[in-house]
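The values are calculated or read from the model by the stated rules, or taken from the named source; none is laboratory data. This one's a predicted model, so the numbers in the text were calculated from it and none came from an experiment. Note: ideal-geometry Cβ built from the backbone for every residue, glycine included; neighbour counts use all protein chains shown.
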Amino acid sequence: MASAAATGKTFQFKLVLLGESAVGKSSLVLRFVKGQFYEHQESTIGAAFLTQTINLDDMVIKFEIWDTAGQERFHSLAPMYYRGAQAAIVVYDITNKESFNRAKVWIEELQKQASPNIVIALAGNKNDLDTSRTTTYEEGSAFAEENNLLFLETSAKTANNVNEIFMVIAKKLPKVNPTTAGPQRAQGNVDLNPQQNTQSSKGCC
Amino acid sequence: MKRKSHSLWEILAPNKIQNCNNNNDDSSKPFKRKYGWFRQTFKRKPTTPSKTSPSSSSSKSSSLSSPSTTAAAATFSPHPTSDEVEILKIDDALSQDPLKQKKSLACLTNELMSTELDYINSLYHVITNYIPLLQQRHQTQSALVSLPETLRGKKYIIFGNIEKIYEFHSKRFHESLNLCRGHPYALGAAFMKHESEFYLYSLYSKNKPKSDALMSECGRKFFQLKQKELNCAMDLESFLLKPIQRLTKYALMLKRLLHSCPLHMPEFQEIEAALEMVRFELRHGEDLLAADCILGCDVNLEEQGTLLRRDEMMVTTKMKRTSYHVFLYEDILLFTKTKKKASGQDFYSYKFSLRTTEMGLTESVGDDGLSFEVWFRKRTPGTSYKMQVRSRESKNKWTFDLAALLWRQTIAFRQRLADRVAMETGMSSSERTTMASSKNNNHCDVITSQKIISQRCSQNGNEPDPGQKESKPTSYMSSLSSASSSSSASCSTTPHPFKTNDSTYTFNYNFWR
């Protein structure tokens, strides 16, 4: 989707994470931004906002990530998040069927209420716990296909598909109106090799 | 019409009466103070000597108050909500390992303290860098020209009350949190100390959609220039979302704290009340927004006290069964019809309302576990409204709030009555306090009230059935309440919950007019 005119430009996108509590939203963000994972992640830890940039072809894609902190439970607060977002990752836990059902509700809501061009990805998280799985890959994949969503099963714990899901979103996002904030600081960029991805968040100023 | 709440034990314990009187004038406290209070009061066992009426267990004269109190405690033991169930589920293993729990607690409090400073800095960032752009006195001529017409004079719409929130956190709340260093369980009390100031968040939430709309219309582009100048990674919209995010974080942190706090510790109640308070604020913001969308209402909603709750429900009256969106204010229960607009925005068309001061409640009707009933003045088929909500949890919350509200009105009435009786008998409040502190006379005022009520009833030809005195509701005349109350109520009532079967509790109200 990247046009030739976009070459060398920086694009900034807002991305929001939604999903039932304890499915691993904050863990996915922390893995993506800091390359870290905490086994006993406190539900409260998780930065309010994080930024991370990735290089895609000749472009620099800067994600401004809005991690929710339980506000998704409040009907009018969640829209404050996703209305301003160009991309959303709806996360469910493959070992928790209810979280998959809740993800479906989120997707329906996003399709109705969010901006019409929003790019939505469905992430079946915790795929390292394959033995306790209650939602099959096929179920997730079929639902995503029906609803024209990007879909990957991920694991914040093993880093499986974490960077990839952000990457596929970056590829799909329409590249118009580049920001002209100048060259991005290189140290913030993600190397898509998870082992080396230990860059810290820039957070806010 | 906002009244200060009191612990039930304070109200019933005569040695607290003067204190109550002093506080009655405080009209600035929002209802939520009482709202949290009710849950707290009825969960706390009245074993603390200072909080217990000395006569409540033995004195015969206390029959007016004590039995209903006990019944209330039994009736309204809170049902676990899904959130509470979730708390129990969280890391069960952690709770069994004291060392891990201690570590987790330390982590939690550290995070709360450090992120509080970050949060204050973020607010400061907005106030110093962005707000002056919309303030004329800070503008140079050239900057003023560049300010879009649509943003002029729109400072409040864009920023809401963020300055007040900053002031609250930087000048008061941060200090209170700091005092809790090393005493994590004291955090509940620190939150509750500033309960009334958390109201700022409801107002902020209420304004936020307007801010969002204006930002996407023209604000975003305008403020981006400033963001670039500041070389800041996050735009203004992210900063404007921070207060919302912060409040939800507090809820998560308090939930975690509550989970690690042993049930028997006195701080448990405070943490629980703080969590309830923060959750109320989160919900209240969106409820206020919805209330703005009520159309065709001839009632002045500004004067109906705090909006406590709203929900879509099936209401059955006589033979009719209709879906209504119901708003519960302190003084009024409002029935509206939801109208969906093409824009996706819901509007609520006003249909009718009931005054809560003349309302009765049956906590549970039918077998579905989803229905309760309210009635107007007297429970008859023509005046009762069977309300069916979507979930058991929602039903529990509604009946809990309604019961708390009705109880509070009753207690306030009882207090006013006691004051009036004291006035009529020529006692000053200090005399009453002195008398109240005497062990033998500690229910004098209540007894006197009872006598006067009987006399008044008898004058009106409405002699209460003597057989009802012990087990049935005591009924009060309207003339007493309207004379002694600032409330718009034309009737006042005394509830007396009685059990009708295993699952149904009824508040019965009689009205003497």
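In the set (1) in a helix (DSSP H, G or I); (2) at positive phi, B:Gly182 fails one condition alone, (1).
Determine which member of the set A:Leu50, A:Leu18, A:Leu110 is within 30 Å of B:Lys103 (Cα to Cα), modelled with pLDDT of 85 or more, within 14 Å of chain B (Cβ to nearest Cβ) and in contact with a strand residue (DSSP E or B) (Cβ under 9 Å, 6 or more places away or on another chain).
A:Leu18
When segment B:194-210 is filtered for residues that are farther than 24 Å from B:Cys107 by Cβ and without any contact (Cβ under 8 Å) to a residue 60 or more places away in the chain, the ones remaining, listed by number, are B:Glu197, B:Leu200, B:Asn207, B:Lys210.
Looking at the structure I just gave you, is A:Asn147 touching a residue at least 40 places away in the same chain (Cβ under 8 Å) and surrounded by fewer than 19 Cβ atoms within 10 Å (Cβ to Cβ)? Yes; evaluated as a whole, the condition is true for this residue. Among residues that are of a type in the set (A, V, I, L, M, F, W, C) and within 11 Å of chain A (Cβ to nearest Cβ), B:Met192 is not included.
So that you can scan it fast, the table gives a plain yes or no per residue for (1) of a type in the set (D, E, K, R); (2) assigned to a strand (DSSP E or B); (3) touching a residue at least 24 places away in the same chain (Cβ under 8 Å):
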{"site": "B:Ser238", "(1), (2), (3)": "no, no, no"}
{"site": "B:His259", "(1), (2), (3)": "no, no, yes"}
{"site": "B:Met265", "(1), (2), (3)": "no, no, yes"}
{"site": "B:Met277", "(1), (2), (3)": "no, no, yes"}
{"site": "B:Met314", "(1), (2), (3)": "no, yes, yes"}
{"site": "B:Phe327", "(1), (2), (3)": "no, yes, yes"}
{"site": "B:Thr336", "(1), (2), (3)": "no, yes, yes"}
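Checked against the criterion of being surrounded by 13 or more Cβ atoms within 10 Å (Cβ to Cβ) and within 14 Å of another protein chain (Cβ to nearest Cβ), the candidates B:Thr362, B:Thr338 yield just one match: B:Thr338. Scanning segment B:352-368 for residues that are more than 14 Å from B:Leu333 (Cβ to Cβ), touching a residue at least 40 places away in the same chain (Cβ under 8 Å) and not hydroxyl-bearing (Ser, Thr, Tyr) returns B:Glu363, B:Val365. A single member of B:Glu272, B:Glu286 is modelled with pLDDT under 85, acidic (Asp, Glu) and touching a helix residue (DSSP H, G or I) at 6+ places or on another chain (Cβ under 7 Å), and it is B:Glu286.
Within the set B:Lys255, B:Lys249, B:Lys228, B:Lys242, the sole residue that is within 11 Å of chain A (Cβ to nearest Cβ), assigned to a helix (DSSP H, G or I) and surrounded by fewer than 20 Cβ atoms within 10 Å (Cβ to Cβ) turns out to be B:Lys228.
When A:Gly188, A:Gly182 are checked against the criterion of being buried (at least 18 other Cβ atoms within 10 Å of the Cβ), over 13 Å from the mean Cα position of the chain (by Cα) and at pLDDT below 95, a single residue qualifies: A:Gly188.
For every residue, the table says whether it meets (1) farther than 23 Å from B:Met113 by Cβ; (2) under 22 Å from the mean Cα position of the chain (by Cα); (3) acidic (Asp, Glu); (4) modelled with pLDDT of 90 or more.
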site	(1), (2), (3), (4)
B:Asn129	yes, no, no, yes
B:Gly182	no, no, no, no
B:Leu187	no, yes, no, yes
B:Phe198	no, yes, no, yes
B:Pro209	yes, no, no, no
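I'd like to know if segment A:119-128 contains one or more residues that are within 14 Å of chain B (Cβ to nearest Cβ) and of a type in the set (S, T, N, Q). No, the conditions are met nowhere in segment A:119-128.
Scanning segment A:76-112 for residues that are of a type in the set (S, T, N, Q), surrounded by fewer than 21 Cβ atoms within 10 Å (Cβ to Cβ) and assigned to a helix (DSSP H, G or I) yields A:Asn101, A:Gln111. Kindly check whether there is at least one residue in segment A:119-131 that is in a helix (DSSP H, G or I), touching a helix residue (DSSP H, G or I) at 6+ places or on another chain (Cβ under 7 Å) and of a type outside the set (S, T, N, Q). Among the residues of segment A:119-131, not one is in a helix (DSSP H, G or I), touching a helix residue (DSSP H, G or I) at 6+ places or on another chain (Cβ under 7 Å) and of a type outside the set (S, T, N, Q), which makes the answer no. Looking only at residues in segment B:258-275 that are crowded, with 21+ Cβ neighbours inside 10 Å and of a type in the set (D, E, K, R), the one that is nearest to B:Lys340 (Cα to Cα) is B:Glu272.
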